[in-house]
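What follows is calculated from the coordinates using simple rules that are stated; it is not laboratory data. For clarity, every value in this text was computed on a predicted model and none was experimentally measured. Note that we place each Cβ from the backbone using ideal geometry, even for glycine, and neighbour counts take in every protein chain shown.
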């Protein structure tokens, strides 16, 4: 193996660890660990309702998800990677024991899919494009958030 292969392998490993750490922040209920893997100018597209920009903006979202699902667990089913880009197919599961987007706790066990694409530079995630199956989640909860 030549040096460029070792360098590429190291880069891919570093990028994969950064992305896995983002999901660990939810699983371990430690929002502050995102500071080590999100670039200061990180863009989360689209932002959640009320979400601020950058790493500081995701921390309240992590806290909200953990409060709504105290047993939250994100399972990564697939990761597809090339240098600087990581695609993730994952599933969030948990028991709805706290308010979520104005929906009172239902006590229901739920799971819903996540599809995310991350760009990574110098070991830090710079952009995340994501789509969650919120419709599927709200069907499982038996209600949708109010518009007000």
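What to note about this one:
- Taking only alpha carbon atoms, region 73-148 gives an Rg to Rh ratio of 1.08, where Rh is the Kirkwood radius.
- Rg(Cα) / (2.2 N^0.38 Å) computed for region 31-96, rounded to two decimals: 1.22
- Sequence of 118, 130, 96, 77 once ranked by neighbouring C-beta atoms within 10 Å, starting from the fewest: 77, 130, 96, 118
- Estimated 222 nm signal from helices in the chain, with DSSP H stretches of n ≥ 4 weighted -39500 (n - 2.57), rounded to 500: -11000 deg cm²/dmol
- Prolate is the label for region 88-128, because the ratio a/c of its alpha-carbon gyration tensor axes (a ≥ b ≥ c) is 1.5 or higher and a/b is greater than b/c.
- Relative to the globular-protein estimate of 2.2 N^0.38 Å, the Cα radius of gyration of region 3-141 stands at 1.07.
- Taking Cα atoms only, the orientation of helix 3-27 departs from the longest principal axis of the chain by about 10 degrees.
- For region 1-44, radius of gyration divided by Kirkwood radius, i.e. Rg to Rh on alpha-carbons: 1.12
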